[in-house]
Amino acid sequence: MPEAPPRKPLDRPAAAIAEYGVLTDRSETDLARFGEPSALADPAGLAALVTPDLCGDTAACEAVRGVVRDGARTSVHVLASSVWNVERMNVDASGRALSPAERREVARAPRVVAVRVSGPITPQQLPLRSAIALAAAIGRATGGMVWDQLLDRLEKPADFAKHAVTTPLERPCFRSDRVGVLFEPEGEGVVRVLTAGLARWGAPDVEASRVPTPATAAMGDLVLAVARAIANGASAGPLALTRDDLAIARGKAYPRDAGLPEQETVPVEVVGVHPEDGDPNDFVARIVPAGGEGPIGYVDLAERFFGPLLAASPTQDVLDARRHAAQEKLSASVGRWEAARAAGAKLLVLVPFPIPGDAGTESMWLEVTGADAKSVTGTVMDDPLGATEVKRGDVVTRPRTEVEDVELRGVRP
């Protein structure tokens, strides 16, 4: 049998580029030692700011400091904050870990020290290592906040420094906190899962194109695992991955008692595709399930790692019996709830909601706020997995005949 032709390698950027900004209220005179608007100031002094806790062992630090001293690879510019569009930043979202006072202060910062490092794509990943180390060092020296525009993350220098790469040069440096995962709506109950930040490794970002809501968490982990493989040098599919690979990529083991199936090695195909408008990378690698790129294909692929994601719908006989029992219980429960409501009693009812695409129903609990002879009104208490026409907190009214279960809380038997 003739050998299969080699797979076409995934397209990648010509170089690895990493960029961060330090937002500060320091004067231009104070910041002159870090950079001028058009030149790198005092390369040796900047390199000296990079301490071992930001770069690792002696060999790694020497390599990083060498990149920082190289004006052809590293630029540090002091710019007006408007050049970096700081006024458009959602400070509350980007700086979730900051106090309200710190967020207000950052929003008024007049200047940005912009750090940009570029270089060839190598296993040592020196552009990424050097840019994080230098931005963290300048943040410490200025007391400014470090803004990662690509990941929309604003952090104190001490928190940003936790992303620094301090492993030996020969070890891979992919870690989930150094990239982002985006979940972009693509229609009712369907999202696009996309990484952000792989350009810093000189690699394409990774996407799963049409993922149904119940599979988003699982596919988010798989996208990270594929991103890790590509960042660490994988050039073409299929990639042989296990659930342990997904756990390593996300940085957290899966619970042993989670009812997961036996682990297997799963081939995951990836192909290069054109990016969409606004994507964080000019190069994108798409995960293509064996069953096709539609929602069912992604569910099937995710289930290879995690087992069934969509519970089978109960038979009609089961539903009828469940609802009959609930109707008998509902009237008495409503009366007891109304009598004890002022004392804090709560009445919960379970009702079904349709999953878009005729994919069945999903049952969720309502906290009842009112009831009459024919219907119940309440607030949705759950985050829907597939029934995406509602969300937690919505107030809905449903016929009593649809109630599948009843729970009364705060009332003594």
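The values are calculated or read from the model by the stated rules, or taken from the named source; none is laboratory data. Everything numeric in this text was worked out from a predicted model, so none of it was measured. Cβ placement follows ideal geometry from the backbone for every residue including glycine, while neighbour counts extend to all protein chains displayed. Areas reflect the complete protein model, heavy atoms only, side chains present, ligands, DNA and RNA absent. Shrake-Rupley method; radii C 1.70, N 1.55, O 1.52, S 1.80 Å.
Quick notes
- Wholly enclosed helices (runs of 4 or more DSSP H) of the range 1-57 bearing at least 1 residues in contact with a Lys or Arg (Cβ under 8 Å, 6 or more places away or on another chain), crowded, with 16+ Cβ neighbours inside 10 Å and modelled with pLDDT of 95 or more: 52-55
- Residue 169 meets all of the listed conditions (1) among the hydrophobic types (A, V, I, L, M, F, W, C); (2) farther than 20 Å from residue 93 by Cα; (3) under 18 Å from the mean Cα position of the chain (by Cα); (4) open to solvent by 30 Å² or more (accessible area, probe 1.4 Å) but one, namely (3).
Residue by residue, here is whether (1) open to solvent by less than 30 Å² (accessible area, probe 1.4 Å); (2) more than 23 Å from residue 152 (Cα to Cα); (3) free of Cβ contacts under 8 Å to residues at least 12 places away in the same chain; (4) touching a Phe, Trp or Tyr at 6+ places or on another chain (Cβ under 8 Å) holds:
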site: 205; (1), (2), (3), (4): yes, no, no, yes
site: 214; (1), (2), (3), (4): no, yes, no, no
site: 225; (1), (2), (3), (4): yes, no, no, no
site: 249; (1), (2), (3), (4): yes, no, no, yes
site: 272; (1), (2), (3), (4): no, yes, no, yes
site: 278; (1), (2), (3), (4): no, no, yes, no
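- Elements of type strands (runs of 3 or more DSSP E) contained in the range 360-413, each with 1 or more residues being touching a residue at least 60 places away in the same chain (Cβ under 8 Å) and crowded, with 16+ Cβ neighbours inside 10 Å: 405-409
- Meets criteria (assigned to a helix (DSSP H, G or I), surrounded by 14 or more Cβ atoms within 10 Å (Cβ to Cβ) and at pLDDT below 90) for residue 87: no
- With respect to the stated conditions, residue 335 fails to be at pLDDT below 85 and farther than 27 Å from residue 215 by Cα.
- Those residues of the range 149-163 which are of a type in the set (D, E, K, R) and either touching a residue at least 60 places away in the same chain (Cβ under 8 Å) or open to solvent by 60 Å² or more (accessible area, probe 1.4 Å) (or both), in sequence order: 152, 155, 156, 159, 162
- Some residue of the range 226-237 being under 15 Å from residue 306 (Cα atoms), assigned to a loop (DSSP other than H, G, I, E, B) and either among the hydroxyl-bearing types (Ser, Thr, Tyr) or out of contact with any Lys or Arg (no Cβ under 8 Å at 6 or more places or on another chain) (or both): no
- Test: residue 95 is open to solvent by less than 30 Å² (accessible area, probe 1.4 Å) and more than 15 Å from residue 23 (Cα to Cα): no
- Boolean, residue 275 is under 15 Å from residue 192 (Cα atoms) and touching a strand residue (DSSP E or B) at 6+ places or on another chain (Cβ under 6 Å): yes
- Residues in the range 239-258 that are part of a loop (DSSP other than H, G, I, E, B) and at pLDDT 95 or above: 1 in all.
- Top-ranked residue in the range 62-78 [being part of a helix (DSSP H, G or I) and open to solvent by 50 Å² or more (accessible area, probe 1.4 Å); ranked as nearest to residue 133 (Cα to Cα)]: 65
- Of all residues in the range 130-156, exactly one satisfies the criterion of being modelled with pLDDT of 95 or more and hydroxyl-bearing (Ser, Thr, Tyr), namely 130.
- So residue 192, is it modelled with pLDDT under 95, of a type outside the set (Val, Ile, Thr) and more than 12 Å from residue 230 (Cα to Cα): yes
- In the range 282-295, the residue that is most open to solvent (accessible area, probe 1.4 Å) out of those that are touching a residue at least 24 places away in the same chain (Cβ under 8 Å) and outside any strand (DSSP E or B) is 282.
- Criterion (of a type in the set (Gly, Ala, Ser) and within 28 Å of residue 27 (Cβ to Cβ)) met by exactly one of 63, 47, 93: 47
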